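Reviewing the structure listed below.
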Amino acid sequence: MALNIKKLLVSQPKPASEKSPYFDIAEKYGVEIDFRPFIKVEPLSSKEFRQQRISILDYSAVVFTARAGIDYFFRLCEELRITIPETMKYFCMTESIAVYLQKYIVYRKRKIFFAASGKMEDLVTIIGKHPKEKYLIPVSDVHKDDLKLQLEMKKINFTEAVMYRTVSNDFTPDEKFDYDMLVFFSPAGISSLLKNFPNFEQNDIRIGCFGPATAKAVKDAGLRLDVEAPTPEAPSMTAALEQYLKKEIGE
């Protein structure tokens, strides 16, 4: 049985490693896979940030859950002409995020802390050991409340500061949109699809997605969901994709 999926669009940046399972799938099933995010992150201007009435220097510690937060935090400080004091402490979700701080500051262990496991619970435990600090948490305009809720439970003094936003990564008129399958990873990706193509008709186009919130967004938009992950049989998007293609080809 011939595979009638020839071209896939994965709404994520192209994997940095050639060892990505996506490349194995492309080769094994003879499909073309394009990588193109439907959404992008952009910084808030200093003017927009000021509207939140947050003074960065009022805080003694900053919490970073992603590298993007580091970039936008220091970019904003530069725009606002703020010099971060040597005494500022930094709490990071993972070691790799902590190491990324070296791009902007001299790395000193006494003022940089991270969760060795990379888990939020462990980061909250570390923060809990420094209860006297006043924490600033750079976030996107769209973010989960998990960290906020855990810090509130521990009665930590913190403020979330929106420093960047998620926006639609618009298609240009000369960009081809001739895919047999689209793969999404966030509800914002679905919003972007409908913004770019207001008259989008699914017809034979398959849609795959990762995560329950994205699945809900697909269905709420009145679209058909063909491939969903994670499931017990397919914990990753690539595993779900491979299962689907295998079934399609009738292996």
The residue from Ser96, Ser140, Ser117 that alone is at pLDDT below 95 and either surrounded by 15 or more Cβ atoms within 10 Å (Cβ to Cβ) or under 14 Å from Ser60 (Cβ atoms) (or both) is Ser140
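If we scan region 51-65, do we find a residue that is closer than 22 Å to Ser192 by Cβ and either within 19 Å of the chain's Cα centre (by Cα) or exposed (fewer than 15 other Cβ atoms within 10 Å of the Cβ) (or both)? Spell out how you get there, then give the answer.
Of the residues in region 51-65, the ones closer than 22 Å to Ser192 by Cβ are none.
The answer is no; no qualifying residue exists.
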Is region 91-102 home to any residue that is within 30 Å of Phe197 (Cα to Cα) and not basic (Lys, Arg)?
no
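The values are calculated or read from the model by the stated rules, or taken from the named source; none is laboratory data. If you're wondering where the values come from, they're calculated on a predicted model, not measured in any experiment. Because the Cβ atoms are built from the backbone with ideal geometry, glycine has one as well, and the counts that use them run over all protein chains shown.
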